[in-house]
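Below is one structure, written out as structure tokens; the observations come after it.
We did not get these values from a lab; they are worked out from the coordinates using the rules stated. Bear in mind the structure is a predicted one, so any value in this text is a computation, not a measurement. Cβ placement follows ideal geometry from the backbone for every residue including glycine, while neighbour counts extend to all protein chains displayed.
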Amino acid sequence: MSSQDFKTYTAKERNMYLIGMFGQNVTYSIISAALAYYLQFTLLIPAIAVSVIMAVSRVWDAFNDPMMGTIVDKTRSRWGKCRPYLIFSPIPILIITILCFINGFYNPELGMFEGSNAWVVIAAGTSYILWGMAYTVGDIPLWGVTALMSEKENDRAKLISGARVVAAIGGGIATLGIQPIALALGEIITEKYGVAANIGEKYGFIATATILGVIGAVTFQLTGIFIRERIPGSKKSYTLKENFALMWKNKPFRQILISGVLSSTRLLLNISAMPLVTYYYASKDPLMAIVYIVMLGGGMFLGMFIGMGVVPKLINKFEKKDVYNYSNLICVIPYFLIFVLYLIAPQDLVKPLYLVLMFIVFLLCGFGSGATDVLRSLMIADAVDYEDYHNHIRPDGVFFSGQTFITKLSTGIATIISGLAYAAVGFSDERVQAVNDFIAQGGIPRLNPEFSQYMMILFFIVSIPPAIGCLLGVIPTWKYALTDKEHEKMLVELNRRRHEEENKDEE
């Protein structure tokens with residue numbers, strides 16, 4: 001069978017898929033980049049409470065993912081098994097995204113469950129759990145459908161690599177933009193309506209989340225409308241319990257899953273980047289926030305784009321598992337150097353030399369992160385083929401739910417660690433208010449010895465735990481169970497089987 005006989009997506013479908021991936025990640029980053037900051041540093045909910053809310057929600061959501069994967073794999077419709085969810089999920093996700101920001105202020109003078117504080121905490125937790133469940137309905141089919149759009153491995157690799165790039169662009173735009181825009185709108189609201197700075201900041205975040213949410217939903221909607229599924233789903237499907245067993249028995253998938261969980265602390269940089277810029281670098285100045293986010297976050301995202309872009313070329317020369325493992329190891333030193341630079345110049349990291357050095361280490365961290373993200377998706381797609389080859393079932397939805405499982409469980413773990421770290425130095429509720437008041441009076445927290453522990457913990461969180469996570473992440477995959485040569489043979493056999501079945505049906 002020649003390669004031209006294989007079914008694959010059109011250029012239009014590819015473009016619509018990538019636009020949808022862009023929009024979905026704009027939506028994701030509204031929550032992942034801003035909500036924890038908003039709850040803790042704007043609404044003043046205690047750090048431990050925010051961490052518990054985020055962690056419990058993420059852990060539940062992580063285990064909810066295989067449930068959704070099971071539902072996807074059982075779906076039979078005229079649109080396929082993934083498209084129905086891509087068509088109908090964007091609008092509900094938009095509505096719940098906005099609701100996550102509509103909440104009251106926490107009163108540090110009362111107990112956590114006294115008076116209005118109880119409703120603030122419960123509303124934060126409830127809306128976040130609902131958001132995670134709604135997001136899962138669209139996220140798993142969005143990644144799972146990549147294995148159904150093409151029979152050609154190269155085309156699938158290109159699509160997944162491109163998806164990771166545009167996902168990073170969409171996420172990067174939202175991550176880099178939401179805080180400066182929200183702070184700027186907050187200042188406008190404060191001045192125009194004569195309200196307190198914290199109230200202006202609150203409505204600035206609500207407005208920004210709404211604007212970015214609409215952009216994300218509209219572009220995400222395009223994927224479900226325009227793509228097509230070309231590989232039919234398996235006739236056989238499993239129960240949730242059977243799917244959990246299936247995921248664990250598939251050795252390549254199990255290795256990827258464990259690797260992702262062990263490297264979960266890498267996500268601390270994403271979680272804590274906003275308070276780091278806000279309090280150490282910008283002192284809540286919107287213009288300075290943009291400058292430093294572009295300089296530091298720009299380095300991170302540039303590195304991610306480079307890493308994602310070179311993966312298709314690297315895997316043509318080297319084994320996927322080798323590129324994955326060494327991409328993890330590359331990140332150890334730059335993550336470690338972030339904290340070293342802080343220890344060298346705790347008050348002077350805004351000087352040009354240190355900013356250049358920080359840009360370089362963030363770029364290297366981003367390179368490793370971008371490469372491993374693409375490779376994880378490719379290796380999960382290979383694990384689906386592995387299962388199809390050995391057991392004649394394609395658990396696309398279930399296995400790609402494992403990808404979101406890794407991300408969400410890792411985020412929960414990382415969030416708990418950050419909350420414990422903030423609590424350990426007392427950077428929570430009334431002390432956050434004290435720092436906010438100091439800034440409102442024109443103060444710069446990094447120059448005040450009273451706040452030195454708070455500045456230190458911001459750098460520690462994004463440095464040492466992520467470096468450790470990079471080391472731990474290579475342990476399960478160092479002796480990876482599926483070589484590229486074995487996968488290539490499997491893919492040839494799978495396509496032969498599929499076309500033989502189609503020829504029989506035609507006869």
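Quick notes on this one:
- Mean separation of Cα contacts under 8 Å, 6 or more apart, over the residue count of the chain: relative contact order %: 27
- Simple spin-label estimate for D348 and I95 in nanometres, 7 Å along Cα-Cβ: 5.6
- Multiplying the residue separation of M295 and R498 by 0.36 nm and subtracting their alpha-carbon distance yields 68.1 nm.
- Straight-distance crosslink candidates among lysines, where the alpha carbon sits under 24 Å from K284 and sequence neighbours closer than 8 are dropped: K192, K202, K351
- With neighbour counts taken as other beta-carbon atoms within 10 Å, the residues H392, H487 rank, fewest first, as H392, H487.
- Straight-distance candidates among the lysines for linking to K317, with alpha-carbon spacing under 18 Å and chain neighbours fewer than 8 residues away dropped: K158, K485, K489.
- Ascending count of other beta-carbon atoms within 10 Å, so fewest first, for V72, V56: V56, V72
- Loop-resident trypsin sites (Lys or Arg not before Pro) (DSSP state other than H, G, I, E or B) in the range 432-496 with no more than 12 further Cβ atoms inside 10 Å of their Cβ: K479.
- Overall dimensions of the chain as given by Cα atoms, namely Rg and Dmax in Å: 23.0, 81
- Projecting the Cα atoms of L94, Y203, W248 onto the charge dipole of the chain (Cβ charges, centred on the Cα centre) puts W248 farthest toward the positive pole.
- Crossing angle, helix 240-249 versus the chain [Cα axis fit, 0-90 degrees, rounded to tens]: 80
- Once the Cα atoms are used to define both axes, helix 332-344 deviates from the longest principal axis of the chain by about 10 degrees.
- For the range 264-384, the fraction of alpha-carbon pairs in successive 10 Å shells from zero, as %: 13, 42, 28, 13, 4, 0
- Positive-end residue of V310, T219, V291, charge dipole of the range 207-319 with Cβ unit charges: V310
- On Cα atoms only, tilt of 484-506 relative to the major axis of the chain in degrees: 60
- For the chain, the 222 nm mean residue ellipticity estimated from helices alone, with every DSSP H stretch of n ≥ 4 adding -39500 (n - 2.57) and the total spread over all residues, rounds to -25500 deg cm²/dmol.
- Per-residue Cβ neighbour rank within 10 angstrom, fewest leading, S452, S401: S452, S401
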